[in-house]
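Participant: Let me begin by handing over the structure; questions about it come next.
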């Protein structure tokens, strides 16, 4: 995509789109500097050519970049502006996703009530319009919040719904993050071997994808890392590595099936 940006024959409208795509790609790789730079340029240029949809897309990217820098005031300002822009062009998929981004900002600010309200608004709209990406995002964050509140049963249900969506759209990255969450659930239930297998399955999927993709999920990383250390210590290195290797050997389909087994059994 950078080669496209070097071309001199792009119209301003096409260059704005190319910059927005480049920003999205940089975001998926966790390249924060280029991510913000490309989206800022895309925002300025798309406003000049009056492309409201690309401008909204770029503004969302700038807002998420501000969130990653912990500039929450700027993030909220950009994202609320994006919300208005997406509504102006009747782009409900954008509205749903921005609700989840606003939820993450509120969560980072410690405003759990407001964060929950934003995630639930995003989830409700995503379900209504069939937007799998925004639904997956909202479910994942609501599940993580349930874990932090000491409710692994609800977390498991939410992660399970997200796993099913990830399977339907073949989203390996999203599935990997859900498996990490379910590993934390398994540990809370005292299922050490299952936890280790889920850890391995998540690692295998992350390696297959090769890039972080959903870099904003890193805000939930600490409980998972603590779980890995705790289960390794509990099981012992040899047993942990054996179970972990079993998980890493799973195919996408096997990982989906395994991730849903425990919750299905506990509900019967």
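Read the figures in this text as sums done on the coordinates, not as results from a lab. Here the structure is a predicted model, which means the values were calculated and not measured. Positions of Cβ are generated from backbone atoms using ideal geometry, with glycine treated the same way; all protein chains shown enter the neighbour counts.
Participant: For a quick check: sort 98, 105, 21 by the number of other beta carbons within 10 angstrom, fewest at the front.
Facilitator: Ranked by crowding around the Cβ, least crowded first: 21, 105, 98.
Participant: Quick check on the exposure proxy: order 145, 108 from fewest to most C-beta atoms within 10 angstrom.
Facilitator: Ascending number of Cβ neighbours within 10 Å: 108, 145.
Participant: Working from Cα positions, state the angle (0 to 90°, nearest 10) between the long axis of helix 172-188 and the longest principal axis of the chain.
Facilitator: Relative to the chain, helix 172-188 is tipped by roughly 40 degrees.
Participant: What's the exposure ranking of 258, 27, going from fewest to most Cβ atoms within 10 Å?
Facilitator: Fewest-to-most ranking of 258, 27: 258, 27.
Participant: Also: Quick one: which of 72-85, 184-197, 130-143 comes out on top by average Cβ neighbours within 10 Å, and what's the full order, highest first?
Facilitator: The most tightly packed comes first, giving 130-143, 184-197, 72-85.
Participant: To the nearest 10 degrees, how steeply does helix 252-266 sit against the main Cα axis of the chain, on a 0 to 90 scale?
Facilitator: The angle comes out near 60 degrees.
Participant: Enter the Cα centre distance for the pair region 152-217 and region 118-145, rounded to the nearest angstrom.
Facilitator: So the two Cα centres are separated by 16 Å.
Participant: Taking only Cα atoms, what is the 0 to 90° angle, nearest 10, from helix 12-28's long axis to the longest principal axis of the chain?
Facilitator: Taking Cα atoms only, the helix is inclined about 20 degrees.
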